[in-house]
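The values are calculated or read from the model by the stated rules, or taken from the named source; none is laboratory data. Since the structure is predicted, the reported quantities are computational estimates derived from the model, not experimental observations. Cβ: placed from backbone, ideal geometry, glycine included. Neighbour counts: every protein chain shown. Accessible surface areas use protein heavy atoms only, side chains included; no ligands, DNA or RNA. Shrake-Rupley method; radii C 1.70, N 1.55, O 1.52, S 1.80 Å.
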Amino acid sequence: MKISDVRTASVRGNFEWILVRVYSDEGLTGLGECYWGAGVEAVVHRLKPLLVGEDPQNVDWLYQKMIRGMSGAGSTGGTVVAAVSGVELALWDLKARALGTPIYNLLGGRYRSRIQVYADCGKGAEPVPQAWAELAERVVAQGYAALKFDIDNIRPDLFADHEHVGTGRRRGWVRAQQQPISNKEMDLMVTLAGAVREAIGPDVDLALDCHWSYSPRDAISLARELAPLRLKWLEDPTPPDNIEALKRVTDNSPLPICSGENHYTRHGLRTMITTHAVDIVHPDIPKVGGLLEAKKIADLADLYYIPIAAHNVSSPVGTMAACHTCAGMRNFVVMEFHCLDVPWWNDLVMADGPLIREGYITLPEEPGLGLELNGDVARAHLSEGATFFE
Ligand SMILES: [Mg+2]
């Protein structure tokens, strides 16, 4: 079997989901996904000459060939690794379909038959306790036993230095510098998070995301203020560049610290793991290098007894692909679902009912990914100017 073509279809959900299809000369195809933003789809097309004519079953060799082949374009992270990841996912789907078995059987087999999902809730409609509590109750009523809220940058008028505030593309506000957390802002964060904990009770897991916003000292103070809420984790407290600063937070935090979605490949996550700079590693699987790279990261983390949670903003395609590798991670804990606000998320694939039921995704028994794309729904939501695998 030889790879004959690589094509893409960019679908606009709450993120830009770049679907990747790898074609073979035997008629079988494999479907993958990566994300997001400018350039990723173009890089997938730049990878095509490295792939055509190769045996798609040599996934690890092809991963290395793509990474090495793109080293001049910056293959240690970012757009290049995201694009490589999308191809890698499609190669696993193609190989597993050719062999007539689910992908997880090719990655060491399963530790579990279903994957727990935590629901990303974003922020309450207003920065008041009632709005945050209502949102939490609504999501728990959908069957989720684990939630995450964005606790950062809620009311920029409370920033200690609010002259240096920028508007973010999605979250509304970003700290342009490491502005300190004012006492008023800290009180609001603790009040809103407390309202969520009170609404969901002690047994639903709750994580809070800081989106790389704070200095180590402020992050430690925040963790101490939030400690009574018994969080599953506090996420990305400090900017992603300096692992020593992150480690200082982790070493001094009464709450577990989680990070990793802004890092790429084993090399990118190595120091974070080997120095215990986090309590939980949080790679984004359709972005970090793909299924086998994520498995290798999980194995490295497991040597240090560090659990894995999977960051995820993908369509059902990337989400299910990630489930196949999470199934085989000894130290896997939970995977994100970031699309509560996309009513057609589930319709993008052919499935018997919702993919996520009572907060879990059941692993399929069918070959490959175990799901098929719904072309009509994908076509209806193509990104502006995008084509459907043309
Ligand atoms: Mg995050």
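Can you give the helix-only mean residue ellipticity at 222 nm for the chain, where every DSSP H stretch with n ≥ 4 adds -39500 (n - 2.57) and the sum goes over all residues, rounded to the nearest 500 deg cm²/dmol?
Details: 12 runs with 139 residues, N = 390.
Mean residue ellipticity at 222 nm (helix-derived): -11000 deg cm²/dmol.
Loop-located chymotrypsin sites (Phe, Trp or Tyr not before Pro) across region 281-341 with a Cβ neighbour count of 16 or fewer within 10 Å are 304, 305, with loop assigned by DSSP. For the chain, the alpha carbon positions stretch 64, 43, 42 Å along the principal axes, listed from largest to smallest.
When the GluC sites (Glu not before Pro) in region 8-117 are filtered for DSSP coil states and for at most 16 other beta-carbon atoms within 10 Å of their beta-carbon, the remaining sites are 26, 54.
Counting only protein heavy atoms and a 1.4 Å probe, the chain has 40 square angstrom of accessible area per residue. The loop-placed GluC sites (Glu not before Pro) in region 288-365, going by DSSP, that have at most 15 neighbouring Cβ atoms within 10 Å of their Cβ come out as 358, 365. Neighbours of residue 145 by Cβ distance under 10 Å: Lys/Arg scored +1, Asp/Glu scored -1, total -3.
With angles folded into 0 to 90 degrees, how steeply does helix 79-99 sit against the dominant principal axis of the chain? Use alpha carbons for both and round to 10. So the helix axis and the longest Cα principal axis differ by about 50 degrees.
Could you look at region 3-100 and say what percent of its accessible area is carbon and sulfur, using a 1.4 Å probe and all protein chains? C and S atoms contribute 49 percent here. Using a probe radius of 1.4 angstrom, the carbon and sulfur fraction of the accessible surface of region 106-372 is 48%. Pairs exceeding a 19 Å alpha-carbon distance, out of 232/287; 65/95; 2/48; 2/295; 2/95; 148/232: 232/287; 2/295. What is the distance in Å between the Cα centroid of region 103-138 and that of region 22-89? Cα centroid of region 103-138 versus Cα centroid of region 22-89: 29 Å apart.
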